[in-house]
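Note sheet for the following structure.
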Amino acid sequence: MDKKISGLHFVPIGGCSEVGMNLYAYIYDDQWILVDMGMGFDIRLGRELIIPSSEELIKNKSKIKALFVTHSHEDHIGAIPYLWPAIGCSIYARAFAAEMLAEKMAQFNLEKKVPIIRVSLNNKITVGNFTVEFIHVAHSTPESSAIAITTPGGTVLHSGDWRIDSDPVFGSGTDEEKLKNLGDRGVLALVCDSTNVFRREGHNLEKDVRKNLIDLVRKYKDRRILITCFASNLARLESCYLAAKENGRQLVIAGRSLKKIEKIAKSAGYFTNIPPFLDEKKANSLDPTKILLVCTGSQGEVNSALSKISNDVHNHIKLKEGDVMVFSSRIIPGNEKSVLAIQNSLAEKNVKIITDMDCDVHASGHPSREELIRLYDLVRPKILIPIHGGRLHLYKHAEIAEDYGIKEIIIPNDGDLIKLSKDGPELVKNLQVGVLAVDGTKLIPLTGVIYKEREKLSARGVVSVCLKRGKGSIKLLDMVCIGVFENSENIELTDIRNDLASEVKLLNESHDKNKMKTIVEKMIKNLFVNARGKKPTVIVHIDD
């Protein structure tokens, strides 16, 4: 972005096309601050994670004054180790998110380089043209915050992930008084979470989930019980501990992220009255009716403890008929297929599966329509900008706000540069931001050559041939097929190899190599179209 930007602007760099990859920029008179820097999940074509592109950040590196973190979930902090080195700004976060981030940075050997500044709810941080205040909101991980951003051009409330829970079992509830005071002072724009817009009314609370988990463990007192939930949901982990304790069981955890979160929670001052969780290695040595096993993998993650358990490849935990598996989580949109695959595998083993469709075993950390309207009442924004969701979520949120009576609403796309003023929102232009995939140790654009080629390879297979060109003759030395034939199809493979060997003998050996490769490639594709109905990717090597 070359031209200087005057006034207050908002740019979602990620977070407005799907659930995840939350990364937002606020600009005032060409000075920038960022809110969150999250990742998404995508396991297709060898991808591990996806993150917003760094191009726009690098281009404006000198203008970026700080990064503010609303809370500790991966879709809000997971991209920081990948993108922060490109910009190098200070990071402001509350204690628990700071602990999570420090642990994450240590994995990338960045812990001594990244300036993580811990903030309290009573502090106002001034950086450049921005004054920023953290406001506590209830969510499914501790110390979540909405962020009030005050500029000479007006105040924006960035909601982060939130819900209204006036009686939480863990931490404190959403600070409605502070939100109302902010509304009294005047809020130009509310930039707001849209994840749960399809739920009409307020939903069950963590105290209901806690009671139900205790009751479930009591009901299945003669069976082994496993629970999967988000590792960062400390309230849920505490509920699992109490469900075990109330029923004479010990809590066992399986999965690296649960072990990590236990350590981080205690270093941040949580779980002070909870004894150390037992390690999964002890699971088989204890009476299965005397343990409650909590495992990672509620979203069907490939290498999670639950995935290994359901596929009988876990080193220490083997399922038995009659075991009970509780999914104490919601399925993040996009993960339905992977979660269903695990549940199908569990069902095949005659494991009893309990989800939130059967019993209230999960409380969402996101606002229903009823809660959105409550926030509108408190804040009274002039402008509403829905974020954090797929396109359908954002459009539904806009519809709710319009029905409520908010006049100025804009539905952003990732990359939209939106000017905010008392005259309303104005779309200036789109910055054409992209998405990168974490591929091993590299960051690769999703629209680049590598993934286009992988898509072709996965759909067509590969045929590699080696030819020998001599005086007056051309001979097929070898043909290797990958992803084209089954091991049992030796006859079909031999027939095609023989046909190809016969055809190459008829080639004019005086052609240059490039022309000959083109001819052979076309020849092979024709043979495979006739034999298999598909054109594979062809690699031709010619020896002289």
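Counting DSSP beta bridges with both partners in the chain, what percentage is antiparallel, nearest 5?
Among the beta bridges of the chain, antiparallel pairing accounts for roughly 55 percent.
Most exposed first by the Cβ proxy, i.e. fewest other Cβ within 10 Å, how do 357, 100 rank? Present the calculation step by step, with values, prior to reporting the outcome.
Working: 357 8, 100 25.
Fewest-to-most Cβ neighbours within 10 Å comes out as 357, 100.
Counting only the backbone N, which residues of segment 311-354 are under 20 Å from the spot 7 Å out from the Cα of residue 44 toward its beta-carbon?
332-342
Is the C-alpha gyration tensor of segment 449-543 telling us rounded, prolate or oblate? Criteria: a/c under 1.5 is rounded; beyond that, a/b larger than b/c is prolate, otherwise oblate.
Working: a/c = 2.19, a/b = 1.38, b/c = 1.58.
Taking the square roots of the gyration eigenvalues as a ≥ b ≥ c, segment 449-543 is oblate.
Put +1 on the Cβ of each Lys and Arg and -1 on the Cβ of each Asp and Glu in segment 449-543; which of 490, 504, 533 then has its Cα farthest toward the positive end of the dipole?
504
Kirkwood hydrodynamic radius of segment 1-54 from all distinct Cα pairs, in Å? Intermediate values should be presented prior to the final figure.
Details: mean 1/r = 0.0805 Å⁻¹.
Answer for segment 1-54: a Kirkwood hydrodynamic radius of 12.4 Å.
With a cap of 13 neighbouring Cβ atoms within 10 Å, and only residues DSSP puts in a loop, list the trypsin sites (Lys or Arg not before Pro) found in segment 102-201. It would help to have the intermediate numbers written out before the result.
On the way: sites: 104, 112, 113, 118, 124, 163, 178, 180, 185, 199, 200; in loops: 112, 113, 199, 200.
Those that pass, being in a loop and sparsely packed, are 112, 113, 200.
Going by a ≥ b ≥ c, the root eigenvalues of the Cα gyration tensor, does segment 206-354 fall in the rounded group (a/c under 1.5), the prolate group (a/b larger than b/c) or the oblate group? Before the final figure, lay out the partial values.
Numbers: a/c = 1.39, a/b = 1.20, b/c = 1.16.
Verdict is rounded for segment 206-354.
Give me the distance between the Cα centres of segment 333-399 and segment 232-281, rounded to whole Å.
Centre-to-centre distance over Cα atoms comes out at 25 Å.
Determine, from the Cβ-Cβ distance of residue 357 and residue 512 and an R0 of 60 Å, the FRET efficiency 1/(1 + (r/R0)^6), rounded to the nearest 0.05. Don't skip to the answer; put the middle values down first.
Details: r = 66 Å, r/R0 = 1.10.
Computed FRET efficiency for residue 357 and residue 512 comes out at 0.35.
What net charge do the residues around residue 34 carry, taking every other residue with its C-beta under 14 Å from that of residue 34, with Lys and Arg at +1 and Asp and Glu at -1? Walk me through the intermediate numbers first.
Numbers: positive: 59, 61, 63, 65; negative: 36, 56.
Summing Lys/Arg as +1 and Asp/Glu as -1 gives +2.
Take the residue pairs 4/61; 221/260; 221/282; 104/178; 456/534; 211/263 and return only those whose Cα atoms are more than 21 Å apart. Please list the in-between numbers first.
Values: 4/61 14 Å; 221/260 29 Å; 221/282 19 Å; 104/178 31 Å; 456/534 11 Å; 211/263 26 Å.
221/260; 104/178; 211/263, as the Cα separations exceed 21 Å there.
The numbers here are math on the coordinates, done by the rules we state, and not lab data. Since the structure is predicted, the reported quantities are computational estimates derived from the model, not experimental observations. FYI the Cβ positions are ideal-geometry reconstructions off the backbone, even for glycines, and counts take in every protein chain you see.
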